[in-house]
Amino acid sequence: MPLLEVEQLKVHYPLRRGLLGRVVGTVKAVDGVDLTVNAAETVGLVGESGCGKSTLGRAILRLTPPTSGRVRFEQEDLLALSGRDLRARRRRIQMIFQDPFGSLDPRLTAGDSIGEALEIHRLTPHRTARSTRIAALLESVGLTAAHAQRYPQELSGGQRQRIGIARALAVEPRLMVCDEPVSALDVSVQAQVVNLLQDLQRSHGIAYLFISHDLAVVRHLCQRVAVMYLGRIVETGPTAEICTAPRHPYTQALLAAVPSLDPSRRLRRLLLPGEMPSPIHPPTGCPFHPRCPVAEARCRTETPLLRTSTDASHRVACHLVPSP
Ligand code: SF4
């Protein structure tokens with residue numbers, strides 16, 4: 001059984017205009033997404049900015065209310081829970097943000113920030129035990145007990161992200177939704193944080209949904225990948241297979257833009273014309289058709305379903321990719 005199962009999840013917003021806020025349309029930020037994450041697995045969610053991947057991450061935690069669909073975590077329907085039950089279940093899913101500066105309270109020291117998470121969930125009620133736990137958490141993310149006294153503004157970007165990870169770790173999550181967690185960091189620091197996430201997975205058995213626009217990082221870190229375009233998953237499968245033999249023209253274009261020194265991984269350069277259309281007025285048929293170099297007439301009218309490709313684990317939403 002997967003740890004997390006997302007079924008036909010939609011996040012639609014009404015688009016309002018004018019003084020009276022009349023509804024003039026619908027923004028389909030997430031439009032019928034299916035996704036699973038297994039225990040201790042890392043699944044990458046990739047796509048250009050504005051494709052809906054961050055909204056999907058937030059909707060899984062109900063930080064953004066879903067319009068419809070289902071989010072099952074540890075076999076429980078999160079969308080059916082409320083109040084204390086929801087808080088208790090949500091503790092097991094933590095979110096790591098791109099900008100740890102924005103997610104840490106500048107008035108709290110790193111130690112207070114981590115201690116607050118422990119206190120909210122009543123995990124270590126006694127002060128001495130809490131200090132010992134905070135020191136252990138700081139060490140587990142490669143910092144020292146002395147960092148507990150520092151304020152966010154006294155720390156580097158990488159150290160702040162480590163504090164954010166320690167804070168998430170404090171409540172013993174089974175899943176972390178990481179929303180572009182390294183993209184604001186220097187390249188050398190990025191590698192350190194990615195290695196830290198891998199070490200924590202090995203030691204704590206945590207699963208990650210790793211949201212990123214950076215396919216090089218996703219290739220290094222994730223066992224499976226889901227590629228998102230305009231609110232939908234267009235291709236999903238094992239990372240090695242997607243990266244060496246992508247089937248969807250959009251995935252091919254994304255991968256062609258990633259430099260690789262390995263000749264076997266170099267793909268024919270495929271440039272994407274134009275920009276991603278607005279989710280307010282998505283194209284008819286296949287949402288990718290205005291930019292697709294191999295689009296056919298039916299692509300303008302028929303929306304392709306996400307179907308099994310080479311094997312059950314690899315699925316593609318494209319009319320030109322045959323089913324086995
Ligand atoms: Fe391109 Fe058509 Fe496939 Fe969409 S369905 S990706 S437009 S070929």
Residue match in segment 113-120 (condition: part of a loop (DSSP other than H, G, I, E, B) and surrounded by fewer than 21 Cβ atoms within 10 Å (Cβ to Cβ)): no
Exclusive hit being among the β-branched types (V, I, T) and in a helix (DSSP H, G or I), set V234, V189, V177: V189
Hits in segment 30-45 (condition: small (G, A, S) and crowded, with 23+ Cβ neighbours inside 10 Å): G44
Test: residue in segment 228-239 that is closer than 23 Å to L305 by Cα, within 16 Å of the ligand (Cβ to nearest atom) and modelled with pLDDT under 90: no
Test result for A80, hydrophobic (A, V, I, L, M, F, W, C) and at pLDDT below 90: no
Conditions (1) under 19 Å from H213 (Cα atoms); (2) assigned to a helix (DSSP H, G or I); number of the one not met by C51: (2)
Residue, surrounded by the fewest Cβ atoms within 10 Å (Cβ to Cβ), within segment 121-144, restricted to residues that are among the basic types (K, R) and part of a helix (DSSP H, G or I): R127
I96 vs. criteria buried (at least 19 other Cβ atoms within 10 Å of the Cβ) and either farther than 21 Å from E180 by Cα or of a type in the set (A, V, I, L, M) (or both): yes
Residue ID - surrounded by the fewest Cβ atoms within 10 Å (Cβ to Cβ), chosen from residues in segment 278-299 that are more than 8 Å from the ligand (Cβ to nearest atom) and farther than 19 Å from E48 by Cβ: A297
Restricting segment 310-321 to residues that are at pLDDT below 85 and surrounded by fewer than 16 Cβ atoms within 10 Å (Cβ to Cβ), the residue that is nearest to A245 (Cα to Cα): D311
Residues located in segment 100-143, provided they are at pLDDT below 85 and on the phi > 0 side of the Ramachandran plot: R122
Selected residue (only one of V182, V177, V193, V189 is more than 30 Å from V6 (Cβ to Cβ) and of a type in the set (V, I, T)): V189
Identity of the residue in segment 3-45, of a type in the set (S, T, Y) and touching a residue at least 24 places away in the same chain (Cβ under 8 Å), that ends up farthest from Q198 (Cα to Cα): T26
A40 vs. criteria within 22 Å of V218 (Cβ to Cβ), over 10 Å from the mean Cα position of the chain (by Cα) and part of a helix (DSSP H, G or I): no
I96 under 30 Å from S188 (Cβ atoms), among the aliphatic types (A, V, I, L, M) and touching a strand residue (DSSP E or B) at 6+ places or on another chain (Cβ under 8 Å): yes
Condition met for A59 (without any contact (Cβ under 8 Å) to a residue 60 or more places away in the chain and closer than 16 Å to L209 by Cα): yes
Where a residue in segment 279-299 is more than 21 Å from V11 (Cβ to Cβ) and its partner, wherever it lies, is among the aliphatic types (A, V, I, L, M) and within 8 Å of the ligand (Cβ to nearest atom), with Cβ under 6 Å and at least six apart: H289/A295
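The values are calculated or read from the model by the stated rules, or taken from the named source; none is laboratory data. Please read all numbers here as calculations on a predicted model, not as lab measurements. Neighbour counts are summed over all protein chains in view; Cβ atoms, including those assigned to glycine, are modelled from backbone coordinates with ideal geometry.
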